[in-house]
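The values are calculated or read from the model by the stated rules, or taken from the named source; none is laboratory data. Note that the coordinates shown come from a computational prediction; the quantities given were computed from them, not determined experimentally. Every residue, glycine as well, gets a Cβ built from its backbone with ideal geometry; the counts of neighbours run over all protein chains shown. The protein model used for the area step is the full one, side chains on, heavy atoms only, and it has no ligands, DNA or RNA in it. Shrake-Rupley method; radii C 1.70, N 1.55, O 1.52, S 1.80 Å.
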Amino acid sequence: MSDRELIRVENLCKSFKNLEVLRNITESIYEGEVVSIIGPSGGGKSTFLRCLNLLERPTSGKVFFEGTNLAEKKVDIDKHRQKIGMVFQSFNVFPHLTVLENIMLAPTLEKNVPKEEGEKQAIELLGRVGLLEKKNVYPNQLSGGQKQRLAIVRALAMEPDVMLFDEPTSALDPEMVKEVLEVIKNLIVSGMTIVIVTHEMNFAKEVSDRIFFMDNGIIEEKGTPDEIFNHAKSERTLEFLSKVL
Amino acid sequence: MIESIIGLWTKYDYVYLNGLIGTLWLSAITVVLGTLLGTLIAIMKLSKIWILEAITTIYIGILRGVPILLQLYFFWLILPKVVPFALSDTACIVIALIINASSYIAEVIRAGVQAVDKGQTEAAKSLGLSNRNMMRKVILPQAIKNILPALGNEYITTVKQTSLASVFFVAELMTSYKTVQAATFLAVPSLVITGLIYLVVTTILTSGLNMYERRMQINER
């Protein structure tokens, strides 16, 4: 982990109609850092994450990624999103494409990677997550865990500088949670910058450099896993942890 | 009855076949141009640019809310007055049919695109796909499967609705019926022949569409 800021949000606010979901958040994510975002449902965790790649457009505030304010209208957001991988709770793999085609789609379309090279890279990635023998099947023949592993390598194929995970294991059967968390752990070992919204407290405790506890649209408390899980200061944090631990 | 049908067919088969050619031609041009125009309208409606959305909503609302026969009369009366060149009755009716079909087709396409899971759009965007590539490679291929059955129904309806052109004596099957009926005063046998020809056309169209649908599904598995 370095002290170079990869992402910085300044005075980030997001409202849906009259509902304030994010209230004036200013925060940085550093290169090589693993940040877990925990907190109760409706606290703004997912919205915060989705503002980082502008899947949600902030109502006001700035979202810097590698020095560029993505919230500015004139920014070519597609180019920047190529450097920000995202993995969703509901996998969102492309059902009309094979496993291999799922991975090759974005690199060949948007980075002009030649087909053979894209395939070579896809096969290499599939090997890393144990899905090589599935390369020619359609996603409807994959289990939830396999779909999520596919979604992860599909994002990695764009060689992103940061990976955002939005509750990647929440839609999985319990026995499949581990295989997905293993893949994320391997990613952490490789030095990837990661922001993950999760309900897996043990996982967050184990792998994170920092933890954000979000509630009511703000980062109520942040710190190392030890600071949050063992020495939390905020009432709200303590109350939440007492319910989930 | 059977004899009179056969008699009528042997004597006037060329009238019916000419009518069939007219119907096929009308249907083909209405389906092709109606689909192109309908796609354009659907894209405008999906654009999220409020003025385009408003215009297309009104366009679709009027065309689907007013009887098609009324629309044919309207365009037949109004078009020759507003265009600076001569328009035949047939041309007016073809334009009216295309415009009417476009409104139904636009709704089918819009619904098919919107039925694709929102997560697919988000995944495509998060990978950095341009809007164009997202539509071409992610959304439309999935939407086609939703669209195809409903679009097939629309096409069959379109074929049948070309019969309304007979009100304006545009050369097509229903006009052939009228011609033969007027010459022979044999209304029912002429209707049966005309109906059978329509049935052949729509049955071929239906089985063609079913085959295509099945092939799409096999590709998916």
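The residues of the range A:70-112 listed by number as losing at least 20 Å² of accessible area in the complex, against the isolated chain and with a 1.4 Å probe, are A:D78, A:R81, A:F88, A:N92, A:F94, A:P95, A:H96, A:L105, A:A106, A:L109, A:E110. If you run the Gaussian network model on chain B, springs between alpha carbon atoms under 10 Å, then out of B:T184, B:T23, B:T157 the most flexible one is B:T184.
For the range A:101-172 versus the range A:26-89, the spacing of their alpha-carbon centroids is 21 Å.
Show me you know the interface measure: the accessible area buried between A and B, both chains summed, probe 1.4 Å, in Å² to the nearest 100. The partial results should precede the final answer.
Values: alone 11730 and 12700 Å², together 22480 Å².
Roughly 1900 Å².
Return, ordered by residue number, the residues of the range A:39-55 whose backbone nitrogen is under 20 Å from a label point located 7 Å along Cα→Cβ of A:R23. Counting backbone N atoms under 20 Å from the label point, the list is A:39-51.
For the range A:101-225, what does the equivalent ellipsoid look like in terms of its semi-axes, each the square root of 5 times an eigenvalue of the Cα gyration tensor, given largest first in whole Å?
Largest first, the range A:101-225 gives 29, 17, 12 Å.
Helix by helix through chain B, keep the DSSP H runs that span 27 Å or more along the axis on Cα and average at least 0.0 on Kyte-Doolittle, and give those back in order. Helix filter hits for chain B: B:2-46, B:89-114, B:140-161, B:187-220. For the range A:14-70, the normalised intensity computed at q = 0.19, 0.20, 0.21, 0.30 Å⁻¹ comes to -0.73, -0.80, -0.88, -1.50 (log10 of I(q)/I(0), Debye sum over alpha carbons, equal scatterers, no solvent). Between B:V15, B:V83, B:V180, the GNM of chain B built on Cα springs shorter than 10 angstrom shows B:V83 fluctuating the most. The residues of the range B:119-221 expose on average 49 square angstrom of accessible surface per residue, using a 1.4 Å probe on protein heavy atoms.
Under 25 °C and 0.890 mPa s, how fast does the range B:2-45 diffuse according to Stokes-Einstein, given a Kirkwood radius computed over C-alpha pairs? Answer in µm²/s, whole number.
192 µm²/s
With the simple model of a label 7 Å out from the Cα in the direction of the Cβ, A:S15 to A:F64 spans 2.7 nm.
According to the Cα-based calculation, Rg over Rh for the range B:18-140 is 1.08, with Rh computed by the Kirkwood formula.
Bridging of B:K178 to lysines at a Cα separation below 17 Å is possible for B:K11, B:K160, once same-chain residues fewer than 8 apart are set aside. For the range B:84-129, a decrease in accessible area of 20 Å² or greater in the assembled protein chains relative to the isolated chain, with a 1.4 Å probe, applies to B:G119, B:Q120, B:E122, B:A123, B:K125, B:S126, B:L127, B:G128, B:L129.
For chain A, what does the helix formula give at 222 nm: sum of -39500 (n - 2.57) over DSSP H segments with n ≥ 4, over the residue count, nearest 500 deg cm²/dmol?
It comes out at -11000 deg cm²/dmol, rounded to the nearest 500.
Here the Debye sum runs over all C-alpha atoms of the range A:66-113 as equal scatterers in vacuum, and log10 of I(q)/I(0) at q = 0.16, 0.32, 0.33 Å⁻¹ comes out as -0.61, -1.19, -1.21.
Counting only C-alpha contacts under 8 Å and six or more residues apart, can you give the relative contact order of chain A as a whole percent?
Details: 448 pairs, mean separation 62.8, N = 245.
Reported as a whole number, the value is 26 percent.
Highest GNM mean-square fluctuation among B:N153, B:N100, B:N133, for chain B modelled with Cα contacts below 10 Å: B:N133.
With the Cα gyration tensor of chain A in hand, convert its eigenvalues to equivalent ellipsoid semi-axes via √(5λ) and list them largest first in whole Å. Kindly include the intermediate steps, with their values, before the conclusion.
Values: eigenvalues 179, 94, 51 Å².
Semi-axes (√(5λ), whole Å): 30, 22, 16.
Where in the range A:64-170 are there trypsin sites (Lys or Arg not before Pro) that are in a DSSP coil and have at most 15 other Cβ atoms within 10 angstrom of their Cβ?
Numbers: sites: A:K73, A:K74, A:K79, A:R81, A:K83, A:K111, A:K115, A:K120, A:R128, A:K134, A:K135, A:K147, A:R149, A:R154; in loops: A:K73, A:K74, A:K83, A:K111, A:K135.
Those that pass, being in a loop and sparsely packed, are A:K73, A:K74, A:K111.
When the chymotrypsin sites (Phe, Trp or Tyr not before Pro) in the range A:14-76 are filtered for DSSP coil states and for at most 12 other beta-carbon atoms within 10 Å of their beta-carbon, no site remains. Within the range B:104-221, the proportion of C-alpha pairs whose separation exceeds 24 Å stands at 49%. Between B:A183 and A:S143, the FRET efficiency from the beta-carbon distance, with R0 = 51 Å, is close to 0.10.
Helix A:235-244 and the long axis of chain A differ in direction by around 40°, with both axes built from C-alpha atoms. Here's the list of lysines a cross-link from A:K120 could span, going by alpha-carbon distance under 16 Å and ignoring same-chain residues fewer than 8 apart: A:K111, A:K134, A:K135. In this simple spin-label approximation, A:N202 and B:I55 carry label points 7 Å from Cα along the Cα→Cβ vector, and these lie 6.0 nm apart. Extents of the range B:95-140, taken as max minus min of Cα coordinates on every principal axis and listed largest first, are 43, 18, 10 Å. Calculated translational diffusion coefficient of the protein assembly as shown (10 °C, 1.306 mPa s; Stokes-Einstein with Kirkwood radius over alpha-carbon pairs) equals 60 µm²/s. Expressed in units of 2.2 N^0.38 Å, where N is the residue count, the Cα radius of gyration of the range A:49-152 is 1.22.
Could you tell me the calculated FRET efficiency between A:E235 and A:N112, based on Cβ-Cβ distance and R0 = 35 angstrom, to the nearest 0.05? Computed FRET efficiency for A:E235 and A:N112 comes out at 0.05. Projected onto its three principal axes, the C-alpha set of chain B covers 69, 48, 26 Å, listed from the longest axis down.
Considering only DSSP beta bridges where both residues belong to the protein assembly as shown, give the percentage that are antiparallel (nearest 5).
Numbers: 20 of 37 bridges.
The antiparallel proportion sits near 55 percent.
A Stokes-Einstein calculation at 4 °C with viscosity 1.567 mPa s, built on the Kirkwood radius of the range A:189-245 over Cα pairs, returns a diffusion coefficient of 109 µm²/s. Each residue of the range A:122-193 gets 89 Å³ once the volume of the Cα convex hull is shared out per residue.
On the range A:82-139, 51 percent of the accessible area sits on carbon and sulfur atoms, based on a 1.4 Å probe.
Surface composition of the range A:159-245: carbon and sulfur make up 47 percent of the accessible area, probe 1.4 Å. Across all C-alpha atoms in the range A:1-110, the radius of gyration and Dmax reach 15.4, 43 Å.
Between the Cα long axis of helix A:115-128 and the first principal axis of chain A there is an angle of about 60°, rounded to the nearest 10.
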